[in-house]
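The values are calculated or read from the model by the stated rules, or taken from the named source; none is laboratory data. Model, not experiment: these values are computed from the prediction. Cβ placement follows ideal geometry from the backbone for every residue including glycine, while neighbour counts extend to all protein chains displayed. Just the protein is used for accessible areas: all its heavy atoms, side chains included, with ligands, DNA and RNA removed. Shrake-Rupley method; radii C 1.70, N 1.55, O 1.52, S 1.80 Å.
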Amino acid sequence: MGAVAARRPVAVVTAVVLVLEAAGIVLLNWILSVFVDKQQMSMAGLETHAMSTGAWIGGLVFGLYLLFCAYLALRCAIRDRAPGGFARTVLISCAVIHGVVGAFTVGLVGWAAFAGAMVVLGLLIFTLLAYAPAAGTAEPAEGPEPAATPTAP
């Protein structure tokens with residue numbers, strides 16, 4: 001009963017955290033693109049402008065992905081229904097990405113960044129599990145109904 005009562009607020013918190021994370025990712029990549037541009041950095045012969053634009057576009061695409069995940073989590077909270085197949089797949093991919101990012105941040109950034117990634121991962125997992133279908137209530141398979149078998153008189 002406790003998980004059912006807490007699933008809406010947790011889904012809303014998940015959406016808010018994903019929106020904040022999207023804004024942070026876009027801001028971080030914008031700052032990186034400015035540094036690359038101002039310092040005329042180049043890697044493997046790439047032009048500075050190409051690297052700067054690539055950092056900006058990469059951050060924007062990832063930010064949009066996180067905003068879409070936030071929208072899906074918020075939609076679960078508003079409708080109080082489990083996400084559909086595609087939405088569930090997108091939210092699972094977001095959780096997997098946070099797990100991988102968390103593993104990398106331990107060595108590259110530190111334990112605080114790891115803890116932040118794991119909090120988001122936990123919120124996503126709780127949202128997915130709280131809206132999971134109950135055991136034994138599988139939806140009927142779609143398709144034609146089986147043909148009636150003739151009965152003997």
- [ ] Consider Ala87 carefully, then state whether it is in a loop (DSSP other than H, G, I, E, B) and not charged (D, E, K, R).
- [x] no
- [ ] Filter segment 5-16 for residues that are out of contact with any helix residue (DSSP H, G or I) (no Cβ under 6 Å at 6 or more places or on another chain) and open to solvent by 40 Å² or more (accessible area, probe 1.4 Å) and give the result.
- [x] Ala5, Pro9, Val13, Val16
TODO: Give segment 103-116 a look and list any residue that's part of a helix (DSSP H, G or I) and either open to solvent by 40 Å² or more (accessible area, probe 1.4 Å) or farther than 17 Å from Leu28 by Cα (or both), or say none.
DONE: Ala103, Phe104, Val106, Gly107, Leu108, Trp111, Ala112, Phe114, Ala115
- [ ] Answer yes or no as to whether Gly45 is assigned to a loop (DSSP other than H, G, I, E, B) and of a type outside the set (Val, Ile, Thr).
- [x] yes
- [ ] Just give me the residues in segment 28-44 being free of Cβ contacts under 8 Å to residues at least 12 places away in the same chain and not small (Gly, Ala, Ser), in sequence order.
- [x] Ile31, Phe35, Lys38, Gln39, Gln40, Met41, Met43
Open item on the list: With loosely packed, with under 12 Cβ neighbours inside 10 Å, farther than 16 Å from Leu20 by Cβ and in contact (Cβ under 8 Å) with a residue 12 or more places away in the chain as the only criterion, which of Arg81, Arg88 stands out?
Closed with: Arg81
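I'd like to verify a number: residues in segment 17-49 that are among the aliphatic types (A, V, I, L, M), open to solvent by less than 50 Å² (accessible area, probe 1.4 Å) and over 24 Å from the mean Cα position of the chain (by Cα), how many?
At the first step, the residues of segment 17-49 found to be among the aliphatic types (A, V, I, L, M) are 17-20, 22-23, 25-28, 31-32, 34, 36, 41, 43-44, 46.
From the residues that got through so far, the ones that are open to solvent by less than 50 Å² (accessible area, probe 1.4 Å) too are 17-18, 22, 25-26, 36.
Cutting the leftovers down to over 24 Å from the mean Cα position of the chain (by Cα) gives us 36.
Of the residues in that region, 1 qualify.
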TODO: Might you let me know whether segment 104-118 holds any residue that is of a type in the set (Val, Ile, Thr), over 11 Å from the mean Cα position of the chain (by Cα) and within 15 Å of Ala15 (Cβ to Cβ)?
DONE: no
Open item on the list: Quick test for you: out of Tyr131, Tyr65, pick the one residue that is over 19 Å from Ala22 (Cα atoms) and open to solvent by less than 60 Å² (accessible area, probe 1.4 Å).
Closed with: Tyr131
Task: Single unsatisfied condition, Ala50 versus (1) more than 28 Å from Ala11 (Cα to Cα); (2) of a type outside the set (Lys, Arg); (3) not in a helix (DSSP H, G or I) - done: (3)
